[in-house]
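Here the structure is laid out as structure tokens; the discussion comes afterwards.
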Amino acid sequence: MGLPSLSTVFSLVSSLLFVILHFSLNVASDSTGEAHALLRWKASLQNHNTSLLPSWTLYLVNSTNNSAHHKTKSSLCLWSGISCNHAGSVIGVNLTSLSLRGTLDEFSFSLFPQLSYLNLSTNELFGTIPPQISNLSKLKHLDLSTNKFSGNIPPEIGQLHSLSGLDLSENKLNGYIPHSIGNLSNLEVLYLYQNNLSGSIPIKIGKLMSLTDLWLSYNWFIGSIPPSIGSLSNLEVLYLNNNNLSGSIPKEIGKLMSLIDLVLSYNQFTGSIPHSICNLSNLSILYLHRNNLCGSIPPEIEKLTSVTDLGLSYNWFTGSIPTSIGSMSNLKVLYLNNNNLSGSIPKETGKLMSLITLELSHNQFTGSIPPSIGSLSNLEVLYLNNNTLPGSIPKEIGKLMSLTNLWLNNNWFVGLIPPSIGSLSNLEVLYLNNNNLSGSIPKEIGKLMSLIDLDLSYNQFTGYIPHSICNLSNLSILYLHRNNLCGSIPPEIEKLTSVTDLGLSYNWFTSFIPSSIGSMSNLKVLYLNNNNLSSSIPKETGKLMSLITLELSHNQFTGSIPPSIGSLSNLEVLYLNNNTLSGSIPKEIGKLMSLTNLWLNNNWFVGSIPPSIGSLSNLEVLYLNNNNLSGSIPKEIGKLMSLTELVLSYNQFTGSIPPSTGSLSNLTTLFLQQNNLSGSVPSSLRRLSKLQFLSIGFNNLYDSFPPIFENFTKLIYLILHHNNFIGYLPHDICQSGSLRYLIITDNHFFGLIPKSLKNCTSLVRVRLDGNQFTGNIFEDFGIYPKLNFINISHNKFYGQISSNWGKCPQLRDLRMNGNDISGTIPLEIGNATNLGSIDLSFNHLVGEIPKEIGQLTSLIELILNGNKLSIEGPIAVEAAVPKFKNDCHDVLCLTYDLKAEEETKSSKKTINIAVSGAAGMICNHLLFKCLWFCGLPNVLWGGVGGEGAVFPQRTERSVHVFTPPQTQPLTSYPQNIRNLDNQQEASESYAVGEFPTLRMRGIIVVLAEMLSAIDLTTAEALMLGFGDPIVISTKNGLGMTELYEALHPYLRF
């Protein structure tokens, strides 16, 4: 073959150069377009500047170099986060975690035909995902996670057929999953978790046959799991937790044989666990907790031998733990808590040698802890609390050498704490509280040097605090309260310098608080209340600069409050009430600027309230009642703008109510009763619009019915008794419908009963007696469904008694004596079956006493004298034969005999004092009435009707109707003794801390003839308690000791 001609060679070279040049021009043109597109998008970002993506720039063309296109191509592929193919086209964009802030609106997707990888995760991008994203036809991986994208997932995303990974998690996307997502046949990973997506999971999700990871958790999906999910044969991870999915778990889920993690927790699934789930032999994590699943745990669960984490807690599972669970040898975490599981804990649990966490709390397990549990050498957390486990704590618990958390609280464990517990050297938290454990606290507990929290409260431990406990240098919480521990608080407690919470209350500790307590510099909460601690409060308490709560109440502390207490700048709660502290309240109390609760009540404090108290701007509750404080109430009290409860009752304050009190706009409770206050009620109090409880009785206040009360629209308690108020009741006194207690006894009110009171269905206790009210009693009172006591005696009411009183189902005490009431006693009164006391005496009633009164099985007092009534024989009582004293169902039932020398005309001598709502028992000619002039509390009768009441001198099923031998109050008793009915009102607000739930329901029944046997002007009367009232409660037996001491001189065993 000959050599080619020159023209031929030239032609070939020209052609080759044209092809090369044309290719270079195309590449340069494509890359230049991509570069400009990226730069335009960068310029649209809100935080674009020279420091953001600094490598993203076009280089200038060098004048000596004509390869500008080549240089542009090279620089684009060198930009940070940009990857190119061999031809120089962009195939990857990875801009994760660069704090980019902006939208994708200016991103020209169509200019990146080769892009296969786009990662913009962990930025601050927002706006919607543009539908133009579908132009990225070769995209395999799209990650827009952890941004602020909103709006719907565009349906066009289903056109990205090459996509294998799609991550849109942790955004603000809403709407449904588009059905087009089922077209992504190559998709392996789909992350949509932590958005606001809603609707149901589309059935077409089952077409994603390549899927291995599906995360839809933390959204608002509803409906059931589509059965089509069972087609995802390659699925390894399925997270549907934290949605609102419901219905049963489909059995098709058991077809996912590749599944490793199955998390369906925090939904509303119902039904039982499908048995098919137990076929998932590769399953490692199974979380079904926080649903509404029920039924039993299937025994087939033993087949899940690969499972390491099993969470079935917070469901409604019943039955026992299957013994087959012992076959799950790889189990590390077992959560079965908060179900209704019962039976005993199977001994096979001890075979789970890999177990790290065992959570069985809040169930109904019975039986003892199996000793086999001691085999779990890897166990770190054991929660068995809140069950009904009995028996003793097994000594084998001491073998759990890896244990860090042991919670056995709220069970029925008895016996001792095993000394072997001292072997748990890694233990950090030990909760044994709320059991029936007894004996002494073992000294071995002092070996738990890693211990942080120790709670042994609410048990029956006795003996001393072991000194070894003071070696626990890491201890933060020490709760020993509500036991029977005794002795003194060890001085070595100063070594517990890490303790923040110390609770020793409700024990029998004696002696004093050791001054070394001042070394516990991290102490935030100190509970020493309800012990027998005495002496003075040490000044070293002022060194506890971290203290937030100091509770020393109900002890026998004496002396004054140390001024050093003013150093406790973080103190929020100070309870020193119910001690015998004396002296004045130190002015340093005003330095406690963080204080919210100050309780100094029931002590012997004297002097005035220091004006510095006005500095306590955060104070919400101030109780100074039941002391000997005097002087005027300081005007500075009006500076306590956060105050909600102000209780200054039972002191000797004089002067007027300071007008500054009206500045306490948050006040809900104001108790000033039992002082020597005088003057009128300041008009500034009208600003107390939140007031609910107001008691200013037993003072020397005078005024017309204060118009300010008309502003108190939220009043629940209004107690004004024993003052000199005068005038009409306001027409809207009960306009709010919340008034429950209205006590205005012994004032000078007059006029008609307002209509709002007639319709006030919220009333529980009403006392209008000792005033000058008038009006037709038939018309002025309504039906009161909650009323249990009403006294309208000694007024000027007239008319007939309404039958409506028989429609008051809770009424126990009805007193209308001393009025001008006429007509007959309505038959319907027999329908008020809870009535225990009726006093209609000294009116103008006529006719026969209705036999329907015999239906009042709780009746123990019927006073009808001073009328013109008639009766034929005893009234039949339709009650069962009364029970005897051994049926006093509550706190105390005692029987005593009167001393022989104190016997009266009565031939019988027994007195029964019962705290059960029963009236008690006394024999022969009895006056079933608590002596109103007695220094003991009056009775709010709790209903007798055969509970402890015996009437010897009458036929069965009958009750005497009689007139008391004395009809007028005694006038010879000492001037400092109040009318007992009034003392009841005082005692109703006596225990302010329990107000209004505590009721003076103590029961006293005394021989009527004892009236003539006692000279009330002598010391003999004082021995019986004619002085300060004794507070008695059927709820907890409060006051029974004082009652016994008052009666003891007249009683013998």
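The values are calculated or read from the model by the stated rules, or taken from the named source; none is laboratory data. These numbers come from a predicted model, not from an experiment. Every residue, glycine among them, receives a Cβ derived from its backbone with ideal geometry; neighbour counts consider all protein chains shown.
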Original post:
Which one of the conditions (1) buried (at least 18 other Cβ atoms within 10 Å of the Cβ); (2) β-branched (Val, Ile, Thr); (3) not in a loop (DSSP other than H, G, I, E, B) does Ile657 fail to meet, given that it meets all the rest?
Top reply: (3)
Original post:
Would you pick out the residues in the stretch 745-775 that are over 18 Å from Leu814 (Cβ atoms) and aliphatic (A, V, I, L, M)?
Top reply: Leu752
Subject >> the stretch 107-128, residues that are out of contact with any Gly (no Cβ under 6 Å at 6 or more places or on another chain), without any contact (Cβ under 8 Å) to a residue 40 or more places away in the chain and outside any strand (DSSP E or B) >> reply: Phe109, Ser110, Pro113, Gln114, Leu115, Leu120, Thr122, Asn123
Subject >> Unmet criterion (only one of (1) touching a helix residue (DSSP H, G or I) at 6+ places or on another chain (Cβ under 9 Å); (2) crowded, with 17+ Cβ neighbours inside 10 Å) for Asn651 >> reply: (1)
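Is there a residue being in contact with a Lys or Arg (Cβ under 8 Å, 6 or more places away or on another chain), over 20 Å from Asp213 (Cα atoms) and surrounded by fewer than 19 Cβ atoms within 10 Å (Cβ to Cβ) anywhere in the stretch 130-147?
Within the stretch 130-147, none of the residues are in contact with a Lys or Arg (Cβ under 8 Å, 6 or more places away or on another chain), over 20 Å from Asp213 (Cα atoms) and surrounded by fewer than 19 Cβ atoms within 10 Å (Cβ to Cβ).
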Original post:
What's the number of the condition Ser584 fails, among (1) more than 11 Å from Asn627 (Cα to Cα); (2) surrounded by fewer than 17 Cβ atoms within 10 Å (Cβ to Cβ)?
Top reply: (1)
**OP:** Give the residue, chosen from Leu104, Leu60, that is at pLDDT 95 or above and in a loop (DSSP other than H, G, I, E, B).
**Re:** Leu104
**OP:** Test Ser246 against the criterion of being surrounded by fewer than 19 Cβ atoms within 10 Å (Cβ to Cβ) and in a strand (DSSP E or B), and give yes or no.
**Re:** yes
Original post:
Can you name every residue in the stretch 512-544 that is in contact with a Gly (Cβ under 8 Å, 6 or more places away or on another chain), surrounded by fewer than 20 Cβ atoms within 10 Å (Cβ to Cβ) and of a type in the set (S, T, N, Q)?
Top reply: Ser535, Ser536
**OP:** Only one of these is more than 47 Å from the chain's Cα centre (by Cα), among the aliphatic types (A, V, I, L, M) and either under 23 Å from Asp213 (Cα atoms) or surrounded by fewer than 18 Cβ atoms within 10 Å (Cβ to Cβ) (or both): Leu166, Leu187. Name it.
**Re:** Leu187
**OP:** Of the numbered conditions (1) in contact with a strand residue (DSSP E or B) (Cβ under 9 Å, 6 or more places away or on another chain); (2) closer than 16 Å to Glu359 by Cα, Phe269 fails exactly one; give the number of that condition.
**Re:** (2)
Subject >> Within the stretch 551-581, tally of residues that are surrounded by 15 or more Cβ atoms within 10 Å (Cβ to Cβ), out of contact with any helix residue (DSSP H, G or I) (no Cβ under 7 Å at 6 or more places or on another chain) and closer than 26 Å to Arg482 by Cβ >> reply: 17
Original post:
In the stretch 727-770, which residues are surrounded by fewer than 16 Cβ atoms within 10 Å (Cβ to Cβ), among the basic types (Lys, Arg) and assigned to a loop (DSSP other than H, G, I, E, B)?
Top reply: none
Subject >> Enumeration of residues in the stretch 582-641 that are on the phi > 0 side of the Ramachandran plot and assigned to a strand (DSSP E or B) >> reply: Gly583, Gly607, Gly631
Original post:
Mind checking whether some residue in the stretch 381-397 is hydrophobic (A, V, I, L, M, F, W, C), surrounded by 22 or more Cβ atoms within 10 Å (Cβ to Cβ) and closer than 14 Å to Ser329 by Cα?
Top reply: no
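So that you can scan it fast, the table gives a plain yes or no per residue for (1) farther than 13 Å from Asn385 by Cα; (2) at pLDDT below 95; (3) touching a Lys or Arg at 6+ places or on another chain (Cβ under 9 Å); (4) among the hydrophobic types (A, V, I, L, M, F, W, C):
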residue: Met401; (1), (2), (3), (4): yes, no, no, yes
residue: Val414; (1), (2), (3), (4): yes, no, no, yes
residue: Pro419; (1), (2), (3), (4): yes, no, yes, no
residue: Gly422; (1), (2), (3), (4): yes, no, yes, no
residue: Leu427; (1), (2), (3), (4): yes, no, no, yes
residue: Gly439; (1), (2), (3), (4): yes, no, no, no
residue: Glu444; (1), (2), (3), (4): yes, no, no, no
residue: Asp455; (1), (2), (3), (4): no, no, no, no
Subject >> Of all residues in the stretch 363-381 being outside any loop (DSSP other than H, G, I, E, B) and in contact with a Ser or Thr (Cβ under 8 Å, 6 or more places away or on another chain), the one that is nearest to Ser425 (Cα to Cα) >> reply: Val381
**OP:** Inspect all residues belonging to the stretch 174-193 and state whether any of them is in a loop (DSSP other than H, G, I, E, B), touching a strand residue (DSSP E or B) at 6+ places or on another chain (Cβ under 7 Å), free of Cβ contacts under 8 Å to residues at least 40 places away in the same chain and among the polar types (S, T, N, Q).
**Re:** no
